[in-house]
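Enquirer: The structure is given below, and queries will be raised subsequently.
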Amino acid sequence: MTPAANSIHGMWSTRLAFILAASGSAVGLGNIWRFPYTAGEYGGGAFVLIYILCVALIGVPIMMAEIMLGRRGRQSPINTMRTLAEQEGLSGRWQLLGWMGILSGFLILSFYSVIAGWTLAYVFRAAAGAFSGIDASGAEGLFGALVGDAERLLAWHTIFMVLVVGVVARGVASGLEKAVRYLMPALFVLLLIMVLYAASTGNFNAAFAYLFAPDFAELKGHAGEAILSAMGQAFFSLSLGMGAIMIYGSYLKRDASIAQNTLIVAGMDTLVALLAGLAIFPIVFANGLAPDSGPGLIFQTLPIAFGDMPAGALFGTLFFVLLVFAAWTSAISLLEPLTAWLVENLGFSRVRAAVLGGVTVWLLGIVCLLSLNLWSDVTLFGKGFLDLFDFLTANVLLPLGGILIAVFAGWLLARASSVDELDLGEGLAYRFWRLLIRYLAPLAVTLVFLNALGVLKFFGLG
Ligand code: PFF
């Protein structure tokens, strides 16, 4: 069977549209909310270095593989994997990879939407001037009041999910392309302004050294966990391992270069995360805050900066609005694989498919938001639901999906197919990719898993 020329769900109109949509998926709360606080939890520089290595050596080859498989299959990840496996004479059970991705997408979106809700709430606080002259304890109090209020969290979570379903129901290619074209550059510029502000008033040198001078002593005692988290952060931030990038690849035209697009998207994503770190840590240090204060970090630091800078209410509002948009374009990509599958296999209209997926995620999100307040005592494996879903997806399910994608693309897909699809010829670049996808990526992820489980130590290796 020859691969379909186009996807039934539509195609990106231009090459730039794919880059924008894929970076819209990649750049989101993962860069601006999750990266700084996770780096802070593991002491900065050493974590950042491991993170960058994971992006370059594991993330980039897997992203190329995901786009490649998506473009060859031209369907939802479940059907893409089934079709490609059949073409290679393999078991149809490879579609389970797609199902695992749907599960990951559900779990991620359920807590992602709650955090996006915090961001929405902060838009209005910024606009109302709630940050003006605020100090560290004031910012902490403001954040605590929001997170402790289940009803308010529910309202914001609901509003965000309605926004996500609204776009997915319309079809990704139409609305998304236009939104991302202006908003992503705007977010970038605003982040630069924040970095400049932080450089002029905060403790920039300390922050720079904290992020870029690795001190491996910081990892003592929990190196396995830190490496797992850095790898998980790379998968999460690049949107890899669950089919989001795969389905965006399925809307990509034949003449676009997968390698080039991947490098641009991964490069931008990493740059945004590092800029977010450079905007936040100078404020952390200048105000004597703890870098390891957890998921509330940006919500407890940025208001201090906005409260202090000229026209802070305006910049603050703009910043949180743009962060909402960044979260929105990521959330859309989390719901798309399931929506496409419901359309393909059950004949649902897009609207019905998106609403069904959205309502399921919304229900699961309620469990997450309650774990922050009324159910804060309920734990599973020592974690509340939100933390558990976050850990399980970023650090377990996405990297596991990544191993399977690497094995499929590197070992099972015919060499001629990947040569043809990547269009790099058979020169050095192709061979380097093949080396990374066949050996380095799957082995590295497996070792990180084993290390975190203490298995390597058991054999005297860790
Ligand atoms: N990459 C997004 C972020 O950094 O915010 C989150 C995300 C989107 C993760 C899509 C996974 C995914 F499939």
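Enquirer: Filter the GluC sites (Glu not before Pro) in region 80-181 to those in DSSP coil with at most 16 other Cβ atoms within 10 Å of their Cβ, and list the result. Write out the running numbers ahead of the final one.
Expert: Numbers: sites: GLU86, GLU88, GLU140, GLU151, GLU177; in loops: GLU88.
Those satisfying the criteria are GLU88.
Enquirer: Sorted by packing (mean other beta-carbon atoms within 10 Å per residue), highest first, where do 229-237, 165-173, 200-208 land? Don't skip to the end; give the middle numbers.
Expert: Working: 229-237: 27.8, 165-173: 20.0, 200-208: 17.0.
Sorting 229-237, 165-173, 200-208 by mean packing, highest first, produces 229-237, 165-173, 200-208.
Enquirer: At what distance in angstrom do the alpha carbon centres of region 311-325 and region 35-50 lie from each other?
Expert: Using only Cα atoms to place each centre, the spacing works out to 25 Å.
Enquirer: Sticking with this structure for a sec: Which semi-axes, in whole Å and largest first, does the equivalent ellipsoid of region 211-290 have when worked out from the alpha carbon gyration tensor as the square roots of 5 times its eigenvalues?
Expert: Numbers: eigenvalues 207, 57, 23 Å².
Semi-axes from the Cα gyration tensor: 32, 17, 11 Å.
Enquirer: Express in whole angstrom the spacing between the alpha-carbon centres of region 220-287 and region 55-97.
Expert: Here the two parts' Cα centres lie 20 Å apart.
Enquirer: List the extent of the Cα atoms of region 168-316 along each of their three principal axes, largest first, rounded to whole Å.
Expert: 51, 44, 27
Enquirer: Using only helices, what value at 222 nm comes out for the chain when you add -39,500 (n - 2.57) per DSSP H run of length 4 or more and divide by the total residues, to the nearest 500 deg cm²/dmol? Write down the numbers at each step before the final one.
Expert: Working: 22 runs with 326 residues, N = 462.
Calculated from helices alone, the mean residue ellipticity at 222 nm is -23000 deg cm²/dmol.
Enquirer: When every alpha-carbon pair in region 262-312 is counted, what percent end up more than 13 Å apart? Each step should come with its number before you reach the end.
Expert: On the way: 800 of 1275 pairs.
The answer is 63 percent, as a whole percent.
Enquirer: Taking the Cα atoms only, what angle lies between the long axis of helix 258-286 and the longest principal axis of the chain, rounded to 10 degrees?
Expert: Roughly 10 degrees between the two axes.
Enquirer: Please state, as a whole number in µm²/s, the translational diffusion coefficient that the Stokes-Einstein equation yields for the chain at 4 °C and 1.567 mPa s, with Rh defined as the Kirkwood radius across alpha carbon pairs. Write down the numbers at each step before the final one.
Expert: Numbers: Rh = 22.2 Å.
D, rounded to a whole number, is 58 µm²/s.
Enquirer: Let me ask something else. For the chain, take the longest principal axis of its alpha carbons; what is the angle in degrees between that and the long axis of helix 172-201, to the nearest 10 within 0 to 90?
Expert: The helix 172-201 is inclined about 40 degrees to the chain.
Enquirer: Sort 215-223, 316-324, 411-419 for me by packing, meaning the mean count of neighbouring Cβ atoms within 10 Å per residue, highest on top. Before the final figure, lay out each step's value.
Expert: On the way: 215-223: 13.3, 316-324: 22.8, 411-419: 14.9.
Descending packing order for the listed peptides: 316-324, 411-419, 215-223.
Enquirer: Can you list the equivalent-ellipsoid semi-axes of region 132-256, largest first and in whole Å, using the square root of 5 times each Cα gyration tensor eigenvalue?
Expert: On the way: eigenvalues 206, 126, 78 Å².
Working through the eigenvalues yields semi-axes of 32, 25, 20 Å.
Enquirer: What is the ratio of the Cα radius of gyration of region 57-122 to 2.2 N^0.38 Å, where N is its residue count, to two decimals?
Expert: Working: Rg = 15.5 Å, N = 66, 2.2 N^0.38 = 10.8 Å.
Rounded to two decimals, the normalised Rg is 1.44.
Enquirer: Please grab the % of Cα pairs in region 62-218 that end up more than 20 Å from each other.
Expert: Values: 8803 of 12246 pairs.
Distances greater than 20 Å cover 72 percent of the Cα pairs.
Enquirer: In addition: Taking the Cα atoms only, what angle lies between the long axis of helix 60-73 and the longest principal axis of the chain, rounded to 10 degrees?
Expert: 50 degrees
Enquirer: If you don't mind, there's one more thing I want to ask. Treating only the Cβ of Lys, Arg, Asp and Glu as charged (+1, +1, -1, -1), what charge dipole size does the chain show about its Cα centre? Round to the nearest 20 debye.
Expert: On the way: 23 positive and 25 negative charges, 229 e Å.
Result for the chain is approximately 1100 debye, rounded to the nearest 20.
Enquirer: Counting C-alpha atoms alone, how compact is region 250-346: give Rg to one decimal and Dmax as a whole number, in angstrom.
Expert: Final numbers for Rg and Dmax: 18.6, 56 Å.
Enquirer: Can you tell me the equivalent ellipsoid semi-axes for region 327-397? Use √(5λ) from the Cα gyration tensor, largest first, whole Å. Each step should come with its number before you reach the end.
Expert: On the way: eigenvalues 158, 36, 22 Å².
Over the Cα atoms of region 327-397, the ellipsoid semi-axes are 28, 13, 10 Å.
Enquirer: Hey, what did the chain get for relative contact order, percent, Cα under 8 Å, at least 6 apart?
Expert: Working: 746 pairs, mean separation 159.0, N = 462.
Over the chain, the number comes to 34 percent.
Enquirer: What Kirkwood radius, in Å to one decimal, follows from the Cα pairs of region 292-359? Mind showing how you got there, number by number?
Expert: Values: mean 1/r = 0.0679 Å⁻¹.
For region 292-359, the Kirkwood estimate is 14.7 Å.
Enquirer: In Å and whole numbers, how far do the C-alpha atoms of region 34-80 stretch along each principal axis, longest first?
Expert: 42, 19, 10
Enquirer: I've got another one for you. Of all alpha-carbon pairs in region 1-111, indicate the percentage at a distance above 21 angstrom.
Expert: On the way: 3193 of 6105 pairs.
Tail fraction, whole percent: 52.
Every number in this text was worked out from the coordinates using simple rules, so none of it is lab data. Please read all numbers here as calculations on a predicted model, not as lab measurements. Positions of Cβ are generated from backbone atoms using ideal geometry, with glycine treated the same way; all protein chains shown enter the neighbour counts.
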